[in-house]
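The numbers here are math on the coordinates, done by the rules we state, and not lab data. None of these values were measured; they are calculated from a predicted model. Please note: Cβ atoms are built from the backbone with ideal geometry, for glycine as well, and neighbour counts cover all protein chains shown.
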Amino acid sequence: MTSTLMEGFLPFEHEPYFTFRDPQMAERQRAAFTQVRAQYVGQTFPLIVAGQAAQGSGTFEVRNPADTREVVWSFQKATPAQLNEAVEAAQQAFEEWRFSDPFQRASIFKRAAQLLRARRMEFNAVMTLENGKNWAEADGEVAESVDHFEVFAREALRWGQGKPVYPMPDEHVTTVYEPLGVVACISPWNFPSAIPLGMALGALAAGNTVLWKPASETPLSSYLMVELLFEAGLPRGAIQFLTGTDDVLGDPLVDHPGVRMIAFTGSKEIGCRIYERAARVQPGQRWLKRVIAEMGGKDPTIVCADGDLEAAATGIVQAAFGYSGQKCSACSRVIVESSVYDDLLARVVDKARALKVGLPEDNADLGPVIHQGSADRIQQFVQDGQARARLLLGGDTPDTGGRPGGYVSPTVLADVEAKDPLFQEEIFGPVLAFTRARDWQHAIELANDSEYGLTAAFYSRDPRKIEEARRRLHVGNLYINRKCTGALSGTHAFGGYGMSGTNAKVGGPDYLFWFLQTKTIAQQY
């Protein structure tokens, strides 16, 4: 039956991006900012606990990172009692949702995809005001969220079929997959729509219920997505929406004995802390908690002497400076064969110099980084690095006309050594380090000299070199002759090696397995 239902779906196609060069499309996006400001700015939004809106112990403000004088909206601070209530409500809802038909889940996700398509401009504008993405970056993420709905609708049906086993002459044996329980989804501010949605849909598609804890910088992007799922028909108890402070929603959420699994995306420091704490069996806990974690990267682009230098320069600039480098997949290291090093470096500097820093609401190429504190930390990396490397571009604070925010100019440093912090440490900003390699094999060795292993790009026209790169580069996502950002749900299953995380590949064919447990049933004839 499930196979028949799968066949009833139209072939999957990725959601196309909006073309903002079209004046009519651009005017629609500007109108969406006007709508969002009229509808949401100045509002205070609730928690959602046991299906009901709830007030917390107080509220916190969300500020526009592009102009920190502006408070855009406010959210609640959940209490310890509300955390307990939310876990209990999720456990109760699990007893019903776990037995829901996979087709029911898929139908809800398909309806949600249709609802989101109709509101993409609105969601773009909300995200821009929360985290400073320009129009194209925000739209790319919301389009990915539409893809997530379509992909997880199909995955719910596929995993609902179980798997065949080798037969026995006197037994009927099946292998089926069952959900785990309550899943805490802890998400970052840089992808406040697609990342929490991907984790939550993995849990929900498998039959689990969710504690949705967004980043405090970007809660409205998540709140609107949760309400959209409810509008699509998801039972309100299936998601508990919690905002607040780390003393309530940090360690206590991870430690709670009623939480069966934690899905996390964020920093290495916090991911390792979650992994360690989740390993402890709390009083009353009747399982070993499962953890998936995606924790960042130090992503290289290798350019061989025979590579297309112009294509490489374009891909590097897009991957390094898109959303001001605040992506775990962003290119932060360029490793180049010596014979083409100077040529490629000049091309990248010229393209990066043409980027304009300004208001993301006006669709500038680069907006601010998320906090002034982040900007200060990034500038310290650059300041320290100038003693060891050549600063060719940036390293300063651009003129914003007195507008307060964490603005950082696109920055390029050359001749960076392999042991330098610029080469080894995740900076999470618009800073690009160039390193010279003796040859292409040496470039692969340098690329692998990292505790991270998320994405990499490799530019070459030589099939032999490409085959070697495919075998030897130690990353979860390798891109040949294209940029190392821009993974598409359902196609580029995303997740890394090493300290980049547990390699749970969101949007891929194995992702739901992380949210399931396997039961073998043998019935004798």
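Observations
- Kirkwood-based Rg to Rh ratio, region 342-449, C-alpha trace: 1.00
- Farthest toward positive dipole pole in the chain [+1 Lys/Arg, -1 Asp/Glu at C-beta], among LEU197, GLY297, ALA89: ALA89
- Cα centroid separation, region 273-346 to region 5-77: 27 Å.
- Dipole orientation for the chain: of the candidates ASN134, ALA263, ALA312, ALA263 has the Cα lying most toward the positive pole (charges on Cβ; Lys, Arg +1; Asp, Glu -1).
- The slack in the chain from GLU231 to ASN448, taken as 0.36 nm per residue of separation less the alpha-carbon distance, amounts to 73.5 nm.
- Spatial separation of Cα centroids for region 144-219 and region 478-502, in angstrom: 19
- In region 299-488, the DSSP beta bridges split such that about 15 percent are antiparallel, to the nearest 5.
- In the chain, the DSSP-assigned H stretches of four residues or longer account for a calculated mean residue ellipticity at 222 nm of -12000 deg cm²/dmol, using -39500 (n - 2.57) per stretch and the full residue count as denominator.
- Here ALA118 and GLN92 are evaluated by their C-beta separation; at R0 = 45 Å the FRET efficiency comes out at 0.90.
- For region 121-231, the dipole from Cβ point charges (+1 on Lys and Arg, -1 on Asp and Glu) about the Cα centre works out to 240 debye, to the nearest 20.
- Ranking of ARG105, ARG120, ARG98, ARG21 by count of other Cβ atoms within 10 Å, fewest first: ARG21, ARG98, ARG120, ARG105
- Full-stretch length increase - ALA50, GLN282 - with 0.36 nm per residue and alpha-carbon distance subtracted: 81.1 nm
- DSSP beta bridge pairing in the chain, given as percent antiparallel to the nearest 5: 40
- Pair ASP439, GLN24: separation of 7 Å Cα→Cβ label points (nm): 5.7
- Whichever lysines have a C-alpha closer than 16 Å to that of LYS77, once near sequence neighbours (fewer than 8 apart) are set aside: LYS213
- A Förster radius of 30 Å, combined with the Cβ-Cβ distance separating ARG472 from ARG403, puts the computed FRET efficiency at roughly 0.05.
- Length available on full extension from HIS14 to LEU391: 0.36 nm per residue minus the Cα-Cα distance, which gives 131.8 nm.
- The ranking of THR411, THR491 from fewest to most other beta carbons within 10 Å of each one's beta carbon is THR491, THR411.
- Projected label distance in nm at GLN372 and ASP251, using a 7 Å step from Cα toward the beta-carbon: 3.0
- In this label model, ALA311 and GLN517 are separated by 4.9 nm, measuring between points 7 Å along each Cα→Cβ vector.
- Size of charge dipole - region 299-488 - debye, nearest 20, with Cβ of Lys, Arg +1 and Asp, Glu -1, no other charges: 280
- In the set (i) 25.2; (ii) 29.2; (iii) 23.9, the label that goes with Kirkwood radius over Cα pairs in Å computed for this structure is (iii).
- Pairs of lysines in region 299-488 whose Cα atoms sit within less than 26 Å of one another amount to 9, provided the residues are eight or more positions apart or on different chains.
- Cross-link reach list, lysines versus LYS519, counting only Cα pairs under 21 Å and skipping chain neighbours closer than eight places: LYS163, LYS289
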